[in-house]
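Values in this text are rule-based calculations from the coordinates and carry no lab data. From a predicted model like this one, the values you see are computed outputs, not experimental measurements. Because the Cβ atoms are built from the backbone with ideal geometry, glycine has one as well, and the counts that use them run over all protein chains shown.
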C-alpha cells in the first residue's frame, strides 16, 4: 500500500538522495544538464517547505515526492510550478497518487494553472501526459564558444540598446506577439507580453544587454541577454537569450542569426560558457531556427489548466 502524506523532517535526507539521483540520471541522458546540487542547501530548503511537499510512502520507504511553488502572476493567474528537482517517482501510479493529493491542495489554494519542468525524454514526460499535461515550452542549451560564421547583410548594423530604446523594444515585442497569434500557436493571450514599465526596468538593469539591428537609421530587430540566476539543472556562467525579434519585412535575410552571433561572441568574451533560450513547441519556425543554430533541448515545460477539457 502507498500512503501519500506531507513531508516530515525525518524524510528530508531520503528525498535529497532521490533528487540527487534524479538529476544525475537526467545528466546521464543529456550532458547539457547540470547534475551538481548542494545537498545541504537542498535539505535546508525542504525543511522550510514540509507543509508544501508531499511524499509517497510504501511500508516506511519513500518511493516518490512532489513539491510545487505557488506563484501569483497578474497575466498568468495563480499557478503552481514544479521544477526539475520538484518531483521523483518510481512509476506513474505513484506520481498519480502524489498529484491527486498535491493537486487538490493547489486547487484549494486557487491555483488552476499547473506547470512542470522535466527532462525532454519519454520516460520523464510520458507519466505526466497520462495525467493530462501537454508540452508547452522547450529549454535549449548551447555550449560556448561556437563558430561565428554569419554577418549582417549590407546596409544593416548592430549596436547596443538602452533606455532610449524602450519604445522600439515595446514595438518589436508587439511584433512577436502578433507572430505568436498565428497558427499553430494561436496564442491569443501572450503570458509574457511586456509593458512599457517592464521594458524600462529591464533596460535599466546593468546586467541586461539589449542589442538592436538598424537599417536606414531604423531599428528592425532586437535581442536581450542577461546572466541566468542559479537554478536546478543549469550550469554556472550561463547566459539567457530572449526577445529575439525581426520585423516581418526584414526576415529571411539571416538577420536574427547574425544578431545572435554578435551577442554570443560578446558573452563568451565576458566569461560565459553556456547560453539558454526557450521557445514554444507550437512555434515551429522558432524551433527550426534554434535547432539549426545548435541549441539542444534539455527540459520541457508541461502545462495543464484545471477545468479545461
Report task. Please identify the pairs in which a residue from the range 153-175 that is at positive phi has its Cβ atom under 9 Å from the Cβ atom of a residue that is assigned to a loop (DSSP other than H, G, I, E, B), counting only partners at least 6 apart or on another chain. Result -> 155/216
Report task. Kindly provide the set of residues from the range 269-291 that are assigned to a helix (DSSP H, G or I) and either surrounded by 21 or more Cβ atoms within 10 Å (Cβ to Cβ) or touching a helix residue (DSSP H, G or I) at 6+ places or on another chain (Cβ under 9 Å) (or both), ordered by number. Result -> 285, 286, 289, 290
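Please specify each residue of the range 292-305 satisfying the condition of being crowded, with 20+ Cβ neighbours inside 10 Å and assigned to a strand (DSSP E or B).
Once the filter is applied, which keeps residues that are crowded, with 20+ Cβ neighbours inside 10 Å and assigned to a strand (DSSP E or B), the range 292-305 yields 298, 299, 300, 301, 302, 304.
Quick one: which of 51, 45 is more than 16 Å from residue 89 (Cβ to Cβ) and free of Cβ contacts under 8 Å to residues at least 12 places away in the same chain?
None of the other options fit; the residue is 45.
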